[in-house]
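The values are calculated or read from the model by the stated rules, or taken from the named source; none is laboratory data. Predicted, not measured: the structure shown is a model, and the values here were computed from it. With ideal geometry, Cβ positions are generated from the backbone for all residues, glycine too; neighbour counts draw on all protein chains shown. Remember, those area values only see protein heavy atoms, side chains included, never the ligands or the DNA or RNA. Shrake-Rupley method; radii C 1.70, N 1.55, O 1.52, S 1.80 Å.
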Amino acid sequence: MELLEQCKEWNNNEEYQKVVDALEILPENARTPEMDSELAKAYNNLGEPGDSKPFIQALGLLLPHEEYFRGNHRFYFRVAYSYFYLEEHGLALHYFKQALDARPGDEDTIDMMNECVNWLTDGVVAVSMSQKLELVWEDIQKEIRKYNKNSKIFNVRAINITANHINDVFPKIKINIFYESRTIEFEAGDDKSNVFMLEYIKDTMPDNLKGLFNIRVGIAAKEDIKDIIVYEDEEYDISELRFFVSDDRQIVIYADEFDIPLEVIEQLFIDIFGEIDLMANDFEFDIADEDDFDAPTEDTCDIVLDYEEKEDFLKECVDYRGLKERAKSKGFRLGISAKEYLKMYSGYRLQSVGDDIREDIYTGTTCLPSLISEYISSGPFDKMPIMDELYRNGVVAGFFCFSLEESDQENDSFEYEFEVMNIRNQLIEYILNELEKLGKTGNIAFLEGATGKICGYLDFLIFGNFMDIMSAAYDFFEEKNIKLAGYKTFRKISKLVTFREE
Amino acid sequence: MFNLFKKKQNEVKLPEVAPMELWEERSYMHVLSDKVDVEDIDGVKERIQAVDGVNLKEFNIKDDKSGNMILDYKGEEYGVGFYFEDFVFDRLYSLQKQKIHDEDFEKIEKKTNSFIIYMKFNKNYFDSYHLQLKLITAFFPDTLAVIDESAERLLSGRWVKLAAKSSVTPNAESLFTVQAVFDDETNKVWLHTHGMCRTGFSEFELLDISRDNANDLYYLINTVANRVLYQNEAIEDYIFLGEFIDGREIVVAPLPWNVAIAKYPSDIIGGPADRADSHNTNSQVIFLFLSEEDANNGKYTKPSDVEEKLVENPLYYYTNEQTEHMKFMSRDRYELLKKAISENPSYKALIKVGLPTDGEDGNPDYENLEHIWFELLEFTEEGFRAVLTQAPYRVAAMKEGDEGEYTVNDVTDWVIYTDEMSIDPNTAYLL
């Protein structure tokens, strides 16, 4: 019997270790995708709930072959199964759905999908971010205590231990260490949801560690920027670049011949502004070169087209050293702390498309626009990178919804919107009061909310005990005698969990 | 404009690209037949088990005669679902149609019930599609017509039966259609495909084409879709599709529809207004790179800007896979050609033969064949005798009017001219 057939038989006979023994010894490139898939099945079956390593190994074997196994039920089911036991229920659901598409009506798959939907609906994460951090900080303190406080390198050790422990639990966080200033810097990455999580980590740092080092969220702006930036072993001279800043906060970067990769520009902007200011201002930029003046094309940006002479344009430009000041004079908000940035919100208007929960919204504000965008544009079984990352880290993203008396909106929309906002503010106050008693007000971040034709909404991120917050909300709605109230996580597939329904 | 982050950080972005519909992601087909009318699927399990190459592993059916099955076919496992549903004839008017025999069409008009069979294609989508047709004929040997909902096309039951029993899979053009939407005011056309998404690739589109040139530019979009399907490879950045008459290469570089429409005036047909409810999922609009410099600088040219070049006898490359497929199908259905000519001596037939070209060493080069049309004179015991209709470019010893005898193994394509129409191997069901 061929090895692959033998492995299939062992797997069918639940002799999983034999599969592992037979296939693990083969070099990676000697295994076919089918063999990797059988080995992954064996890992999946050897893994116990709560035991992440075999499931991670299984995913490592399966995911590179996603295109190869396109449309293959077994492949999708195995991937989904790994994610399910890694408690990544959003991704598990996505792959179970693919498995169901490949084998319509399959009862096992449907059962697993229902399990996923229940998890995603309840919103109760297996281990919350606050629980993870409690353990992390405890372990860090325990380990630091082993070392002599009077040692010259004590702080260096403390910083290294902290960075390592945080990276163990949150491997996606990129950490920079500045020993001289005793600072651990968390890179903010490319989404504001990271800033919420990183600030929460920072806020939960025990007082006794605060004396040893600082935590900074977001790469800081640099004081001393050199003319040369090195990228992929190439040197790029940025001193020749010229920057135009428009009144509507767009930046045009000019070079006679533009041959600088965008990655270098990105690095330069981070060095000049720092990550948080970049996110907070979130400006657009364009590039221009001599050709745009000599022979403009449809790709030439409008700002450049407004100038007949290149010299006139250049007169309005500054070099990279003057960019920050120029940006400030044009209305960029600079020097914003991560905490301030989290409170910044923006408004949105939607075309109310139905009576279902959140489909009725016509106006809203949010401190986390990317989360709302992801929710609006996703299908019920889509991958949701922002939600999945929050969930992976033990953070629940969702919203409370509540409806007022029917007559309220009909009578006066201004009055109705005011009342929705009023209830929202009261609910925030009520929950924070209850959490205050537990000393846990930081366990929830309110993200603003929305107003729909049927319901009002209050959006949140929960980092700590979910039930503490839901109990408080339940009591509030009971006291207020609101006729319909509940919560839902930010996934189309999750159901509304009702506190009250008359 | 560039943004440092892949998305705006401080604005709620309303969705442009919508999730695919079920009938886009999967292959949905609606079957019409007399037995469908009475929901008679007795003996279907046995018929499916008897389909060549199929290993039926599970067959589940509910009281309402909906159900699903799991089967192996050519080494791959498939899951297939099915159910009966009311049928409304009106819908057919919006579909592309194969040539349907008049007597069949009269029956189709009266149908009120359909049988829906759906499945997800895997990477071997030619086999997947072929399997779906085989299952249809196993469910309903009396299939009258099939509506390929994913490609928005009405298939003749006769074609379905011919394709199902053929040893060669249907060709790439069976998997998709190219539709044209006209704007009478501007005289412009929007060409777009349907059916590609189920193969795992995107649909393709051409925007803002002049009505006068639509027929010529059809070949551009058709060739792009064929290329992707035969090579089983999505277009990463661009592909070399052929040559303009001046010898310059035709380089196709598609862009996602939501990016592409920003490069056109907003009021064109196929513009934002036409994307609210449909054509807003997985679709790419075809652009061109006119030079290497354009490719390096990401300078996209609208095909509508170079229409005059695109209609002036461009040469589109066929892939080896496409040529091979054509060859296998023409040989597989060679007997139909033979029978049709024998029974209808008035029909004319052309047969394409692959001739070995002159090698550099003076010997015939059997690796590089020149495919050239011969007019059929007669069938012989060994094969057929035919006369060359044009002078070959790379076979010096042959000229127009030369006669020769060839076998089925030399055939790479054929076409029959009846009094009313031309019939090729793919449309041999019309014979």
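Taking a spot 7 Å from the Cα of B:Asp183 along the direction of its beta carbon, which residues of segment B:246-267 have an amide N less than 18 Å from it?
Correct set: B:257-267.
Sorted by mean Cβ packing within 10 Å, highest first, what order do the peptides B:201-213, B:405-417 take?
Order by mean packing, descending: B:201-213, B:405-417.
Choose one answer from B:Gln96, B:Gln132, B:Gln231: the residue with the largest mean-square fluctuation in a GNM of chain B with alpha-carbon springs under 10 Å.
Result for chain B, Cα springs under 10 Å: B:Gln231 fluctuates most.
How large is the direction-averaged shadow of the alpha-carbon convex hull of the protein assembly as shown, in nm²?
50.0
Output the pairs from A:Lys132/A:Lys495; B:Lys97/B:Lys299; A:Lys226/A:Lys339; A:Lys210/B:Lys8; A:Lys172/A:Lys440 with a Cα-Cα distance over 32 Å in this structure; if there are none, say none.
B:Lys97/B:Lys299; A:Lys210/B:Lys8
Using a basic spin-label model with each label point 7 Å from the Cα along Cα→Cβ, how many nm lie between B:Asp102 and A:Tyr68?
Calculated label separation equals 5.7 nm.
Given just the C-alpha atoms of segment A:232-388, how large is their convex hull per residue in cubic angstrom?
Hull volume over Cα atoms, normalised by residue count, gives 180 Å³.
Would you list the P(r) distribution for chain B, with all Cα-Cα distances sorted into 10 Å bins from 0 and each bin expressed as a whole %?
Final binned percentages: 4, 18, 26, 26, 18, 7, 1, 0.
Within segment A:203-253, list the GluC sites (Glu not before Pro) lying in a DSSP loop whose Cβ has at most 10 other Cβ atoms in a 10 Å radius.
Sparse-neighbourhood loop GluC sites (Glu not before Pro): A:Glu223, A:Glu232.
Of A:Lys53/A:Lys492; A:Lys328/A:Lys383; A:Lys8/A:Lys53; A:Lys53/A:Lys488; A:Lys97/B:Lys99, which ones are farther than 27 Å apart at the Cα?
In this structure, A:Lys53/A:Lys492; A:Lys328/A:Lys383; A:Lys53/A:Lys488; A:Lys97/B:Lys99 exceed 27 Å between Cα atoms.
Taking 0.36 nm per residue of sequence separation and subtracting the Cα-Cα distance, how much length would be gained by fully extending the chain between B:Ala273 and B:Ala391, in nm to one decimal?
37.3 nm
Take every residue in peptide A:367-380, count the Cβ atoms of other chains within 10 Å of its Cβ, and give the average of those counts.
Other-chain Cβ atoms within 10 Å of each residue's Cβ, averaged: 4.
Just to be sure I understand the model, the point goes 7 Å from the Cα along the line to the Cβ. What's the resulting A:Tyr179 to B:Asp86 distance in nm?
Label at A:Tyr179, label at B:Asp86, 7.8 nm between them.
Under the definition of partner shielding as Cβ atoms of other protein chains within 10 Å of a residue Cβ, what is the mean value for peptide A:96-104?
Taking the mean over all residues of the peptide, I get 6.
Short version: what are the Cα gyration tensor semi-axes of segment B:321-430, square root of 5 times each eigenvalue, largest first, in whole Å?
Taking √(5λ) for each Cα gyration eigenvalue gives 25, 15, 12 Å.
Sorted by accessible area with a 1.4 angstrom probe, largest first, how do B:Thr281, A:Thr297 fall?
My answer, sorted largest first, is A:Thr297, B:Thr281.
If I stretch the segment between A:Thr300 and A:Val124 completely, what's the gain in nm (0.36 nm per residue apart, minus their alpha carbon distance), one decimal?
Extending this stretch completely gives an extra 58.3 nm.
Which aspartates and glutamates, if any, have their Cα less than 20 Å from the Cα of B:Lys62, not counting same-chain residues under 8 positions apart?
Excluding near neighbours in sequence, the set is A:Asp101, A:Asp106, A:Glu107, A:Asp108, A:Asp111, B:Asp37, B:Glu39, B:Asp40, B:Asp42, B:Glu46, B:Glu85, B:Asp86.
For segment B:177-317, compute Rh as the Kirkwood radius over C-alpha pairs and then the Stokes-Einstein diffusion coefficient at 37 °C and 0.692 mPa s; write the answer in µm²/s, rounded to an integer.
217
Per DSSP H run of at least 4 residues, take -39500 (n - 2.57); add these up for the protein assembly as shown, divide by its residues and hand me the 222 nm value, nearest 500 deg cm²/dmol.
Calculated from helices alone, the mean residue ellipticity at 222 nm is -11000 deg cm²/dmol.
Take every residue in peptide A:273-282, count the Cβ atoms of other chains within 10 Å of its Cβ, and give the average of those counts.
For peptide A:273-282, the averaged partner shielding equals 2.
Given the alpha-carbon gyration tensor of segment A:345-500, what are the semi-axes of its equivalent ellipsoid in whole angstrom, ordered largest first, with each equal to the square root of 5 times an eigenvalue?
Each semi-axis is the square root of five times an eigenvalue, giving 22, 21, 13 Å.
Please compare each pair in A:Lys222/A:Lys310; B:Lys123/B:Lys309; A:Lys192/A:Lys453; B:Lys120/B:Lys161; A:Lys41/B:Lys123; B:Lys74/B:Lys165 to a cut-off of 27 Å on the Cα-Cα distance and tell me which ones are over it.
Checking Cα-Cα distances, A:Lys222/A:Lys310; B:Lys123/B:Lys309; A:Lys192/A:Lys453 exceed 27 Å.
For segment A:283-337 and segment A:115-170, what is the centre-to-centre distance using only Cα atoms, to the nearest Å?
So the separation of the two Cα centres works out to 45 Å.
With θ taken as phi - 60° and the coefficients 6.51, -1.76 and 1.60, list the Karplus ³J(HN,Hα) couplings across segment B:191-197 in order, rounded to whole Hz; mark glycine and proline as x.
So the Karplus estimates, Gly and Pro as x, are 9, 8, 9, 9, x, 6, 4 Hz.
Sorted by accessible area with a 1.4 angstrom probe, largest first, how do B:Tyr230, B:Tyr218 fall?
These residues rank, largest area first, as B:Tyr218, B:Tyr230.
A:Thr183's amide H: which non-local residues (gap 5+, or another chain) put their own amide H closer than 5 Å, with H modeled 1.01 Å from N in plane and none for Pro or chain starts?
Amide H neighbours of A:Thr183, under 5 Å, 5+ apart: A:Phe178, A:Asn214.
Could you give the dipole magnitude of segment A:396-502 about its Cα centre, charging the beta-carbon of Lys and Arg +1 and that of Asp and Glu -1, in debye to the nearest 20?
720
Classify chain A as rounded, prolate or oblate, taking a ≥ b ≥ c as the square roots of the eigenvalues of its Cα gyration tensor: rounded when a/c is under 1.5, otherwise prolate if a/b is larger than b/c and oblate if not.
rounded
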